Amino acid sequence: MKPPDSTDLAGSRLFFIFLLISVVLLFISGSIKLRLLAYPKAVFLAPLNISLRFFNNISTLRQENSRLKGLLARLQIENATLKEIIQRQGGELNLSEFRLEKAQIVGRDQMTFGSYLLLDKGAAQGLKVNMPVITEQGIVGKVIQVSTLQALVETMRAKDSKIAGMDQRSRVTGVVSVNRGNRLKLNYVTSDADIQIGDTIISSGLGGVFPKGLLIGQVIKTQDHSQANGLFKEILLKPFVDIYQIEEVYIITGAAVKSEPPKPERVKTDWEKTKERLRIEPPLEIKIR
Amino acid sequence: MRTFFRFLIIYLLFLLQTGIGRYAPDLVLLAVLIFALSAAPKTTLGLSLFAGFCLDLVNPMTFGFNLLICLITGFGIQSLQKLVYYGHRYLFLFLLIVLGLKYGLGFLIFGAIPPIPEIIVSGLITLILVLPFNFIFDRLVANPWRIG
């Protein structure tokens, strides 16, 4: 095939005409150009505008998504905090019903991984063996030894610690003891019992040591019925109280003494007032024989 | 059909160049230059007009300027075909001349040129794209008479 003849300049005239037109266009008033080109501009740039809008929308949606995720996380935390407050205030237990003795932790038994704590209060402050020890978050343990100015606390993490627990939602009871790691387990719960992950376990008050309604932990794992061997379900709890984080505790030393309101003074009669003022003796009884 | 593809490519490149915005390479001008080396004079004229019109739409206040540049490019390259049959070998040189003409005329007419960094970045990217674009356009809209 023959190549096009490059010397063919038939279109040269046209080139020059359009060159002239373009030069003339350069010097037309800007407002006229704007008016004339508004519509063609919109048409020619429509695909670009549409695609830019599309990508902008994606970007906006991503930002919105990110913002909403943050908001959701914040609200979840707020929700959990409020639930905890409601549980403590309006729930099972009102701590104002008890006399609480505040104590500082002055010693920890490192060898047993926080199983025992030493407090700076003792018998002199009214502490006795088997008194419950708590914090704002929940149960810490119980007093097992008392000297005059110090007390030894057996925490929930101790091997021998057993607390009668109960599911706050389903009221299923069991015994809470330590498990491996920083975890507790709820024992003696039958395999068909209604326990779900996220449930709160509180003290049931059955042991006689801890009053009913103190927070113990949250269910983080339950063994399936199909996998359960035997009668009982294995339930793992995450304790609300981190033994390593606490610095001070409260010991429930007994029920609060309810002070009776002062009785209103009896209004004295006129005769009594006069008698007081004049110191008049009551009239003597005349005995007639 | 080949002509239609050329127009379509110019339009798509125009959208791409406009979408990139600042530091965008002169893709449309590059396409006009490459097509002018292989297309017939009338087709080149049409392509130049279309490319210039598209580019001027983005900035209506300087309407006519890009039209002028594209027409000069198209016409110039077409005329050079007389002297250099296989002009693709001189693409870099042609492109440099065209870019120089564009900024030089811009300075002469409007008394201003874009910031130097923009010119350098845009020009460099355009120069880098010369060979790939030439290769791609050759494959897409190659003329059967083209040899070697």
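The values are calculated or read from the model by the stated rules, or taken from the named source; none is laboratory data. These figures come from a predicted structure and were not determined experimentally. Every residue, glycine among them, receives a Cβ derived from its backbone with ideal geometry; neighbour counts consider all protein chains shown.
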For the structure I just gave you, tell me whether residue B:10 is aliphatic (A, V, I, L, M) and either buried (at least 18 other Cβ atoms within 10 Å of the Cβ) or touching a helix residue (DSSP H, G or I) at 6+ places or on another chain (Cβ under 7 Å) (or both).
yes
If I filter the range A:165-180 for residues that are loosely packed, with under 14 Cβ neighbours inside 10 Å and either closer than 26 Å to residue A:248 by Cβ or touching a strand residue (DSSP E or B) at 6+ places or on another chain (Cβ under 6 Å) (or both), do I get at least one hit?
no
Residue satisfying condition, being away from chain B (no Cβ under 14 Å), modelled with pLDDT of 80 or more and part of a helix (DSSP H, G or I), within set A:85, A:77, A:58, A:32
A:58
Give the residue, chosen from B:35, B:75, B:63, B:50, that is facing chain A (nearest Cβ under 8 Å) and under 14 Å from the mean Cα position of the chain (by Cα).
B:75
Only one residue in B:97, B:69 is buried (at least 16 other Cβ atoms within 10 Å of the Cβ), within 14 Å of residue B:29 (Cβ to Cβ) and without any contact (Cβ under 8 Å) to a residue 40 or more places away in the chain, so which one is that?
B:97
Would it be correct to say that residue A:244 is assigned to a strand (DSSP E or B), of a type in the set (Ser, Thr, Tyr), touching a strand residue (DSSP E or B) at 6+ places or on another chain (Cβ under 9 Å) and touching a residue at least 24 places away in the same chain (Cβ under 8 Å)?
no
Yes/no for residue A:7 being modelled with pLDDT under 85 and in the same structural domain as residue A:198 (by TED's automatic domain parsing):
no
